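Step one of this worksheet: look at the structure below.
What follows draws every value from the coordinates through simple rules; no lab data is involved. Keep in mind that this is a model prediction, so the values were computed, not measured. Using ideal geometry, Cβ is built from the backbone for each residue, glycine included, and neighbour counts are taken over all protein chains shown.
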Amino acid sequence: MAWRVAVVLIVVVTAGCTTLSGQPAQPPTVTPAPVPEQTPGENGRPLAPGLATERLVDAEVLAAAHVDQVRNRSYTLSIDWASAGQRQRSLLRVESERRYHYQSRTGTGYSDQSFVGGETRFSRHERPLGVEYTTGDAEPARERISGITERLVRNFLGVGNSTVTVHEGEAGRYYLVRTSHPNPPSLNDVRDFRGRARVQPSGLVRSMEFRFRNAGQNTTVRYGFEYTKLDETTVDRPDWVTQRWPNVTTDDRRGLSDNG
């Protein structure tokens, strides 16, 4: 099942340094060198937090800066995962931490949606045998899913030997961080790891993608995310919420029932 494999990877991401089976692994003890918030770069122009002119020096610093850059902003976040012929695509549209719409779909007939417009989470779960609707207490968007990107930056971008190159795009300057490691010591069963990230000078990791071989299952895993429509994303109440709960506002729990 695609969702089972996806959950395994999420366990890796959310637990920090773990095995692909979800069992804790002991990472090597590393004492990071002090890093200024922004390291001087070429011609005196600052690089992004955690970056030096030739390499990534502190993934923790970069991850923290990334969190700061998406806080209190609207955005659209797409996440793509694939392994062994299975694929899961997720889309999170965030207007605010308490107003967002999350969609996730696999190629096996499974899809999930959640809408938050206040204190209540409305969810729709589509399965091969039917559709189920549920409700629950709302969680901030970052706790729901977007915090995954912070953990990906912290746990995966710094696992190998890295390089940093400067590029100019339509939105201005950005830094391309590439990293690789044949056998990361902090990630059991991970082999031939390769990753790259597009980082803005502010520390926002605009996109990141990586791939590795799962030695235990002899499969290749690909994972990536991208932020778009920063400060331009709005979220409307989905039609399926109104159809299922026509008499309930998005922040009113009175009379709320999963059965309509």
FRET efficiency estimate (nearest 0.05) - Cβ-Cβ, S111 to R211, R0 35 angstrom: 0.90
Linear extension gain, E132 paired with T220, 0.36 nm per residue minus alpha-carbon span: 28.4 nm
Normalised contact order of region 187-228, rounded percent, pairs of Cα under 8 Å and 6 or more residues apart: 36 percent
Cα gyration tensor, region 142-260 - rounded (a/c under 1.5), prolate or oblate: oblate
Neighbourhood charge, 15 Å Cβ-Cβ cut-off, centred on V159 and excluding it, Lys, Arg +1 and Asp, Glu -1: +4
GluC sites (Glu not before Pro) within region 107-153, DSSP loop, no more than 14 other Cβ atoms inside 10 Å: E119
Calculated FRET efficiency for the pair E54/E168, C-beta based, R₀ 22 Å, to 0.05: 0.75
